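First the structure, in the form of structure tokens, and then the observations on it.
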Number of protein chains: 2
Amino acid sequence: MTIVDRLAVARGDFPADLALRNAMLVNVWSGEIYPTDIIIHNERIVALGSGYQAKQEIDLTGRYLCPGFIDAHVHIESSLCTPPEFARAVVPHGVTSVVTDPHEIANVWGMQGIQFMLERAKDGPLSVFVNAPSCVPATSMETSGARLEADDLAPLLENPWVTGLAEVMNYPGVVFGDEGMLDKLERFQSKPMDGHCPALTGKQLNAYVSSGIGSEHECTTVEEALEKLRLGLTIFIREGTTTRNLLPLLPLITPQNHTRICFCTDDRQPNSLMDEGSIDFMIRTAIAHGVDPVMAIRMGTLNTAQYFRLYDYGVISPGKWADMIVFSDLQNLQPKMVFRRGQLVAQDGKMIAQKPTLRPIQLPKSVNVDLAHLDFRIPATSTQTRVIGAIGDQVVTGNLIKDASVINGHAVSDTNRDILKMIVVERHHANGNIGKAFINGFGLKHGALAGTVAHDHHNLVIIGVDEVSIRRAIEAVIEIGGGLVAVNGENVLGTLPLPVAGLMTELPLEQVRQEYDGMIAHAQSLGSALPDPFMTMSFMALEVIPSLKLTDVGLVDVEQFKVVDLFV
Amino acid sequence: MTIVDRLAVARGDFPADLALRNAMLVNVWSGEIYPTDIIIHNERIVALGSGYQAKQEIDLTGRYLCPGFIDAHVHIESSLCTPPEFARAVVPHGVTSVVTDPHEIANVWGMQGIQFMLERAKDGPLSVFVNAPSCVPATSMETSGARLEADDLAPLLENPWVTGLAEVMNYPGVVFGDEGMLDKLERFQSKPMDGHCPALTGKQLNAYVSSGIGSEHECTTVEEALEKLRLGLTIFIREGTTTRNLLPLLPLITPQNHTRICFCTDDRQPNSLMDEGSIDFMIRTAIAHGVDPVMAIRMGTLNTAQYFRLYDYGVISPGKWADMIVFSDLQNLQPKMVFRRGQLVAQDGKMIAQKPTLRPIQLPKSVNVDLAHLDFRIPATSTQTRVIGAIGDQVVTGNLIKDASVINGHAVSDTNRDILKMIVVERHHANGNIGKAFINGFGLKHGALAGTVAHDHHNLVIIGVDEVSIRRAIEAVIEIGGGLVAVNGENVLGTLPLPVAGLMTELPLEQVRQEYDGMIAHAQSLGSALPDPFMTMSFMALEVIPSLKLTDVGLVDVEQFKVVDLFV
């Protein structure tokens, strides 16, 4: 029995598997830093202190040791990689556990998608905890690939890797007591339930919190975060690739409240994962801006473990999993050695652990489009149209009204005024839904961009100058079975196949990053000046973020929360 | 549905049950104190903030409000009262929840005793959480009324009022991997498991902690507590009637580690409960000695709730139970109003809540002694005997050797040298076991004291001067069905019947205290100078506390952990 071995080694009766000598332990439990040995056996820490023998010894010569980092909220899909390659991205940065909300893949494949993520995370060097997606689909003004109600999610409660309910984005549904939403809350009441309620305040916020939701990661100001923390929420400070809340929220953190604050990345693409890192980047940045190192490390370790009730994680003490990081400089924390369950899995920023053998999984075809029956023309019924106003790399948009460019009775793109046609084609059930609109801000002079990453329903989204390019782009996406494409007329400039649900690839991370950079270059060669036109495009169909968005159902005025006519 | 109502009130659509206006909220979550209204509906807090209407309003005019106190570890039996009267003792002091270890009654009645405590706690003004007793019996050198193995305890895991496994006192059993002990640890691994390992240190402490045990309440020095805290234990600082660890341990508390420290009382008798209080006394004392008030209150509220995973307790925020205390002076915290689940249950130190109707429970007879077959004589087989050395009100004893006083071939009491006969009669199964020894330090000049409170097996213990008094004392205990008696020859000076398992009475607390004080006076009239001879006597049979103790099995040398001869 494991515990019998553990006790025997802790007593000193038998040599341990591993002894890390002369560590400066960052003890997140006591809040101290002091020298000690750490003794590991059977994947767990069994003792702190001197006088133990071990089969393997590593002299840390006074370097620091702290628990492995935990990301409190991340959509792995945003890395465009499945868990094994995502792990290769974050483990060298010291992240040994993540709590992921697989709501991207769940919007495509439902429970099958969640099971895929659980399966792909198995036996890897990263502990992947899954929160059950609470909002699939996000609203009724879109067609998603799946629909998950409380009864569908219930079996996940039995899975030891499932921690709770993922970000409850449908905050009006909570506040106003939508029945299906309350069913989910009641079902998961005994587990942590994550919030998502940007800018919610006052009485509505009280209602939202009184439902039992326990965290919030959408705060952008100290005032907002403090109101939410005072009401009993645990605040996840987020630093994604584009959503950068860490520096604005640093003044929130005090010695008195920091145990109620965690760090998360939410959405990080390969480039920022590789160049900056993950939770390590947040801890480093916080310390560089004056946060006490032990407090900063707690927000990336113990606090998150405690919030998610992962009592064997996030702390270096006897009986806990031996997930640990060794580093040299407290003021500039760079993980030199990363141990997960007692195994050295990364060193000097490089992965050491072998990638586990991937069990072949027969992936259903996720792009179901009957192209022959689709009509991309927009008959002009008036002289003015609503136009989505893309704003740099932001996910919010403007709600514009512009004169239509009409040729032969049809409204068309007008590159002179940067008004381009945007199309959203339902791609899960081939139900024939097609949304058509115009968008400003992409700057394409030729061709078209298309992709199957379109939050959160992930239908097929296209922005293009002409009919030939638009049709060719859709064809190319279908040919690669989902992914990103850039075309110029009949000429396909480049593709990034994302065969897993149209969202992810199983190729090596470095290659994905390189190909993705290539795709941005193609888009820019077609005239776009956006830093990342594909990422911006992927949020233009997200009808829960203001102001004007296009889904397969039609143009959505988010403030009015209804589908509106293209023409005014 | 409750949650629907709660949401509607939090939104402000309907008036709440209760609004507490103009409170200075001690927000243990954020670590701040600031003015706000607290809005209560359906027994829960639904909102913090202004602008709410309510059916009942109380203007707190700037008085402080904090969560109800939680006692992290208490044996209710030590109050000599069952839960309803115990509640009357502690609720006016602001204690709205306790985690109790019913191991006294469990040693008499096993699961039936635990069920009795659960039943008696129902519908009362105090939330009584129960930890499953882990060590019934304490050792094999005693006869207890019941034996609880892992399989016996397992059904408790399903009870929502059961929080975890109670103090694992058999620390050698843990450290050395005793099979029955490990069975219990494995069974309760997913719950909080409380420790009890006085003075354990170094490798053995590492082994004990690595088993998954999470707390410790036996620390007496800062050095001991810091070693244990650094290893990941949550430290319960204890302030019982006699075990006074608060002042010595105050220097342990720092802003960095205080969230890992809780307050508990362990054992408090009616007098200290009534005169000093409970957790309120600890918080008051800590603040008076310089501990930050928010930190002190956290140790008596939020920290304990979090440790025991009681997520709806210990914090004032929307969705949580409305257990709250109002007080005027932060430097001298005296609960003026105590709310439990939104009801005012105590005011100005007086109970307001009606005592719930007690369901009649047919109590089995707990004193089974066949007096006719008992022989109290001690044939002298040598000229010297071992003598238990009682030391004031301490629970430890000396291990003495004295000349025997021999009359007619039998060793007898010798009041000149304060060497008295001590008898322990097995009283659960009438198995005829009788332990006989001598004890120094009680000072009786006449008569005998007897009682059925004798930790932890609670056999019948008697200390007396002569055979007549000893026999009469036992008869009297049998007549009252268990309890405490003082006799002088054939004359019964006084009795305190404890009909519930020989440990508790259902009489009013004030009466119990008065009668108990009377019993001490009787004992002192017989010559004893001890402050509380009955309490001291109750620990003279506890064979897990050094050095020499007497059980029904015989004289136990605790250091040798074996039964030894009376004569040397």
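Quick one: is A:T254 crowded, with 24+ Cβ neighbours inside 10 Å and either without any contact (Cβ under 8 Å) to a residue 12 or more places away in the chain or in contact with a Gly (Cβ under 8 Å, 6 or more places away or on another chain) (or both)? It is false that A:T254 is crowded, with 24+ Cβ neighbours inside 10 Å and either without any contact (Cβ under 8 Å) to a residue 12 or more places away in the chain or in contact with a Gly (Cβ under 8 Å, 6 or more places away or on another chain) (or both). Restricting attention to segment B:457-480, the residues being of a type outside the set (A, V, I, L, M), open to solvent by less than 10 Å² (accessible area, probe 1.4 Å) and in contact (Cβ under 8 Å) with a residue 24 or more places away in the chain number 4. The single condition from (1) open to solvent by 30 Å² or more (accessible area, probe 1.4 Å); (2) modelled with pLDDT of 95 or more that A:N271 fails is (2). Looking at B:L449, is it over 20 Å from B:G554 (Cα atoms), open to solvent by less than 40 Å² (accessible area, probe 1.4 Å) and either of a type in the set (D, E) or touching a helix residue (DSSP H, G or I) at 6+ places or on another chain (Cβ under 8 Å) (or both)? Against the criterion (over 20 Å from B:G554 (Cα atoms), open to solvent by less than 40 Å² (accessible area, probe 1.4 Å) and either of a type in the set (D, E) or touching a helix residue (DSSP H, G or I) at 6+ places or on another chain (Cβ under 8 Å) (or both)), B:L449 does not qualify. Within segment A:508-525, the residues that satisfy the criterion of being crowded, with 20+ Cβ neighbours inside 10 Å and farther than 18 Å from A:V477 by Cα are A:L509, A:R513. State whether the residues of segment A:441-455 include one that is in contact with a Pro (Cβ under 8 Å, 6 or more places away or on another chain) and not in a loop (DSSP other than H, G, I, E, B). Looking through segment A:441-455, at least one residue is in contact with a Pro (Cβ under 8 Å, 6 or more places away or on another chain) and not in a loop (DSSP other than H, G, I, E, B).
Has segment B:263-271 got at least one residue that is within 10 Å of another protein chain (Cβ to nearest Cβ) and more than 30 Å from A:T36 (Cβ to Cβ)? No, every residue in segment B:263-271 fails to be within 10 Å of another protein chain (Cβ to nearest Cβ) and more than 30 Å from A:T36 (Cβ to Cβ).
Confirm whether B:A541 is in a loop (DSSP other than H, G, I, E, B) and buried (at least 21 other Cβ atoms within 10 Å of the Cβ).
Numbers: in a loop (DSSP other than H, G, I, E, B): yes; buried (at least 21 other Cβ atoms within 10 Å of the Cβ): yes.
Taking the combined requirement at face value, the residue satisfies it.
The residues in segment A:184-195 that are more than 16 Å from A:E216 (Cβ to Cβ), open to solvent by less than 30 Å² (accessible area, probe 1.4 Å) and either outside any helix (DSSP H, G or I) or facing another protein chain (nearest Cβ under 9 Å) (or both) can be counted, and the count is 1. Only one entry in B:T495, B:T505 is crowded, with 19+ Cβ neighbours inside 10 Å and out of contact with any strand residue (DSSP E or B) (no Cβ under 6 Å at 6 or more places or on another chain), namely B:T505. Look at segment A:379-397: where a residue is open to solvent by 40 Å² or more (accessible area, probe 1.4 Å) and a partner is of a type in the set (G, A, S) and assigned to a loop (DSSP other than H, G, I, E, B), sitting 6+ places away or on another chain with Cβ atoms under 8 Å, you get A:P379/A:G409; A:T383/A:A404; A:Q384/A:A404; A:I391/A:G441; A:V396/A:S547. When you look at A:V174, is it within 23 Å of the chain's Cα centre (by Cα) and away from chain B (no Cβ under 12 Å), yes or no? Against the criterion (within 23 Å of the chain's Cα centre (by Cα) and away from chain B (no Cβ under 12 Å)), A:V174 does not qualify. Kindly indicate the residue of segment A:25-47 that is part of a strand (DSSP E or B), open to solvent by 20 Å² or more (accessible area, probe 1.4 Å) and in contact (Cβ under 8 Å) with a residue 24 or more places away in the chain and also farthest from the other protein chains (Cβ to nearest Cβ) among those meeting that condition. By that ranking, first place goes to A:P35. Just checking, how many residues over segment B:211-235 are open to solvent by 20 Å² or more (accessible area, probe 1.4 Å), under 22 Å from A:R11 (Cβ atoms) and away from chain A (no Cβ under 12 Å)? The total comes to 3.
Look at B:R63 and say whether it is surrounded by fewer than 24 Cβ atoms within 10 Å (Cβ to Cβ) and within 14 Å of chain A (Cβ to nearest Cβ). Answer is no for this residue.
The selection criterion, being open to solvent by 10 Å² or more (accessible area, probe 1.4 Å), within 14 Å of chain A (Cβ to nearest Cβ) and part of a loop (DSSP other than H, G, I, E, B), does not hold for B:D5. Suppose we filter segment B:211-243 for residues that are in contact (Cβ under 8 Å) with a residue 24 or more places away in the chain and part of a loop (DSSP other than H, G, I, E, B); how many remain? Residues that pass the stated criteria total 14. Within segment B:202-209, identify whether any single residue is buried (at least 23 other Cβ atoms within 10 Å of the Cβ), at the interface with chain A (Cβ under 10 Å from one of its Cβ atoms) and of a type in the set (F, W, Y), and answer yes or no. Yes, there is a match, as at least one residue in segment B:202-209 is buried (at least 23 other Cβ atoms within 10 Å of the Cβ), at the interface with chain A (Cβ under 10 Å from one of its Cβ atoms) and of a type in the set (F, W, Y). The numbered conditions (1) in contact (Cβ under 8 Å) with a residue 60 or more places away in the chain; (2) more than 9 Å from every other protein chain (Cβ to nearest Cβ) are all true for B:V162 except (1).
Filtering segment B:481-492 to residues that are in contact (Cβ under 8 Å) with a residue 60 or more places away in the chain and either crowded, with 21+ Cβ neighbours inside 10 Å or acidic (D, E) (or both) leaves only B:G482. The set of residues in segment A:474-518 being assigned to a loop (DSSP other than H, G, I, E, B), within 22 Å of A:F376 (Cβ to Cβ) and among the aliphatic types (A, V, I, L, M) consists of A:I480 alone. Under the condition of being more than 17 Å from A:D59 (Cα to Cα) and either open to solvent by 50 Å² or more (accessible area, probe 1.4 Å) or touching a Ser or Thr at 6+ places or on another chain (Cβ under 6 Å) (or both), the residues counted in segment A:331-356 number 8. Being at pLDDT 95 or above, touching a Lys or Arg at 6+ places or on another chain (Cβ under 7 Å), more than 12 Å from chain A (Cβ to nearest Cβ) and surrounded by fewer than 21 Cβ atoms within 10 Å (Cβ to Cβ) is a property that B:S328 has. The criterion of at least 1 residues that are of a type in the set (G, A, S) is met, among helices (runs of 4 or more DSSP H) falling completely within segment B:244-291, by B:270-275, B:279-288. Being under 27 Å from A:A106 (Cβ atoms), within 14 Å of chain B (Cβ to nearest Cβ), polar (S, T, N, Q) and open to solvent by 40 Å² or more (accessible area, probe 1.4 Å): is that true of A:Q362 here? Against the criterion (under 27 Å from A:A106 (Cβ atoms), within 14 Å of chain B (Cβ to nearest Cβ), polar (S, T, N, Q) and open to solvent by 40 Å² or more (accessible area, probe 1.4 Å)), A:Q362 does not qualify. In the set (1) more than 20 Å from A:W109 (Cβ to Cβ); (2) among the hydrophobic types (A, V, I, L, M, F, W, C); (3) open to solvent by 10 Å² or more (accessible area, probe 1.4 Å); (4) assigned to a helix (DSSP H, G or I), the condition left unmet by A:M181 is number (3). Here A:R471 meets the list (1) in contact with a Pro (Cβ under 7 Å, 6 or more places away or on another chain); (2) part of a helix (DSSP H, G or I) almost entirely, failing just condition (1). The residue that is nearest to A:L310 (Cα to Cα), among those in segment A:156-176 that are of a type in the set (G, A, S) and modelled with pLDDT of 95 or more, is A:G164.
The values are calculated or read from the model by the stated rules, or taken from the named source; none is laboratory data. Worth saying up front: this structure is predicted, and the values here are computed from it rather than measured. Neighbour counts run over all protein chains shown; Cβ positions are idealised from the backbone, glycine included. Calculation scope for accessible area: heavy atoms of the full protein, side chains included, ligands and nucleic acids excluded. Shrake-Rupley method; radii C 1.70, N 1.55, O 1.52, S 1.80 Å.
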